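First up is the structure itself, then whatever we jot down about it.
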């Protein structure tokens, strides 16, 4: 029932392998090819960002493994994906990104009003959101699941909580999915971490969102919670950007495909979410 961590020896072996690759290229160069300097067509979003020397990225600060606030900057798989995009723009991923905390309810407004250039925040691609913004990707396919107290035996899937209280987040696809599945009593909070106390106190039977988010919460609170591991949806994570900016969207999609091919995507996963979950196959990006 629990999502199991990789064996320590495999993690260590992966770290040694990455170290060995870096050593072959020199102590100051990371493994994998570095993007060459590109001159973008004047007037494009890419040229504007390159000229500004900065990209503003909306992300979550409370999502272990994907986007979690660190001492100096956020950490996680979403953060590494944003850094790959920044590098392809010719920016310094460690210095030229301004991170802006976003929650599920404000992702579209932040894109529409220009508060951020892109959003990389466990952001499910769906048709409703496509009415006001555009998406690049997906760069990962998650699945909605349930998080329960460790040792819970009477919840094995969504059918077991239809008459119970399930906690999720305001404005999220996850909350809407619960209602679609027939859950009669939902509890909504601003962040998924805020759902943990009701779960501890017995006010909610489960927390529900994408499996990788739940895995991160369980990993952050060892021994307290476990993931049911019976997903009932597919959730394609995309990178949100201004609606109909086709050149920028195509650039990001091209960047993702390059990262799939040259190993940067896999390395980003293995250094973050891969601590808990096996490395998946990269999904095909949408071209429309």
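Numbers below:
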| quantity | calculated |
| --- | --- |
| Antiparallel content of DSSP bridges confined to the chain, in %, to 5 | 60 percent |
| Per-peptide average of other Cβ atoms within 10 Å, ordering 65-76, 126-137 highest first | 65-76, 126-137 |
| Whether the range 187-285 is rounded, prolate or oblate, judged on the alpha carbon gyration tensor where a/c under 1.5 counts as rounded | prolate |
| Backbone N within the range 128-151 under 19 Å of label point (7 Å from residue 52 Cα along the Cβ vector) | 133-136 |
| Near-label residues of the range 131-153 by backbone N, under 13 Å of a point 7 Å along Cα→Cβ of residue 288 | 131-138 |
| Separation in nanometres of the label points that stand 7 Å from Cα toward Cβ, at residue 156 and residue 72 | 4.9 nm |
| Prolate/oblate/rounded call for the chain, Cα gyration tensor, a/c under 1.5 rounded | oblate |
| Helix axis angle, 77-88 relative to the chain longest principal axis, alpha carbon, degrees | 10 degrees |
| Sites residue 149 and residue 170, calculated FRET efficiency, Cβ-Cβ separation with R0 25 Å, nearest 0.05 | 0.60 |
| Mean residue ellipticity (222 nm) of the chain, computed from DSSP H runs ≥ 4 via -39,500 (n - 2.57), nearest 500 | -10000 deg cm²/dmol |
| The range 80-155 and the range 173-247: distance between their alpha carbon centers, rounded to Å | 14 Å |
| Residue-span extension gain [residue 184 to residue 94] - 0.36 nm each, minus C-alpha spacing | 27.9 nm |
| Cα gyration tensor shape of the range 54-113, rounded if a/c is under 1.5, else prolate or oblate by comparing a/b with b/c | oblate |
| Two-decimal log10 I(q)/I(0) for the range 108-227, as the Debye equation yields it once each C-alpha is a single scatterer, q = 0.11, 0.14, 0.17, 0.18 Å⁻¹ | -0.39, -0.62, -0.86, -0.94 |
| Diffusion constant of the range 120-161 at 4 °C, which comes from Stokes-Einstein with the Kirkwood Cα-pair radius and 1.567 mPa s, µm²/s | 97 µm²/s |
| Inter-site label distance for residue 234 and residue 246 at 7 Å from Cα along Cβ, in nm | 2.6 nm |
| Percentage relative contact order, the chain, counting C-alpha pairs under 8 Å, at least six apart | 26 percent |
| Exposure proxy ranking, count of Cβ atoms within 10 Å, fewest first, for 200, 264 | 200, 264 |
| Within the range 138-168: backbone nitrogen closer than 16 Å to the residue 201 label point (7 Å, Cα to C-beta) | 165-168 |
| GNM top mover of 211, 221, 253 - the chain, alpha-carbon springs below 10 Å | 221 |
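Just so you know, all these numbers are worked out from the coordinates, no wet-lab data involved. The structure displayed is predicted, hence computed values, not measured ones. Cβ sites come from the backbone with ideal geometry, for glycine too, and all protein chains shown count toward neighbours.
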